[in-house]
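Computed from the coordinates by the stated procedures, all read-outs in this text should not be read as laboratory data. Owing to the predicted nature of the structure, the values given are computational and were not obtained by experimental measurement. In this analysis, Cβ positions are derived from the backbone assuming ideal geometry, glycine residues included, and neighbour counts consider all displayed protein chains.
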Amino acid sequence: MANLQVRLNDELKAQADELFASLGLDTSTAVRIFLTMALEKNGLPFEVKHHPLSAELSQAVYESRNRVNLNGTYATAEEAVKSMLED
């Protein structure tokens with residue numbers, strides 16, 4: 001069996017230990033779960049992004065991707081912008 005050493009500050013380690021203990025895990029088990037899921041997903045097992053979207057923006061993205069609550073079609077970009085500014 002291999003060993004993995006990771007350097008991190010004491011506060012981060014203590015907080016992680018506390019979180020995982022509250023879930024019934026030790027940190028080593030949590031790391032094994034992470035690595036297993038990374039292999040299963042063939043990448044990081046979670047989304048990596050710069051900033052979380054606000055609930056309002058998230059809803060707007062969902063609606064645009066799923067063509068929900070659209071205000072109609074527009075012949076030009078100017079018409080679309082004018083429609084957005086009316087609200």
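Mind listing whichever residues of the range 35-79 are surrounded by 10 or more Cβ atoms within 10 Å (Cβ to Cβ) and over 30 Å from the mean Cα position of the chain (by Cα)?
Within the range 35-79, Tyr74, Glu79 meet the criteria.
Would you kindly identify the helices (runs of 4 or more DSSP H) lying entirely within the range 17-87 that contain at least 3 residues that are among the charged types (D, E, K, R) and either over 23 Å from Ala2 (Cα atoms) or touching a residue at least 40 places away in the same chain (Cβ under 8 Å) (or both)?
Helices (runs of 4 or more DSSP H) meeting the threshold: 55-65, 77-86.
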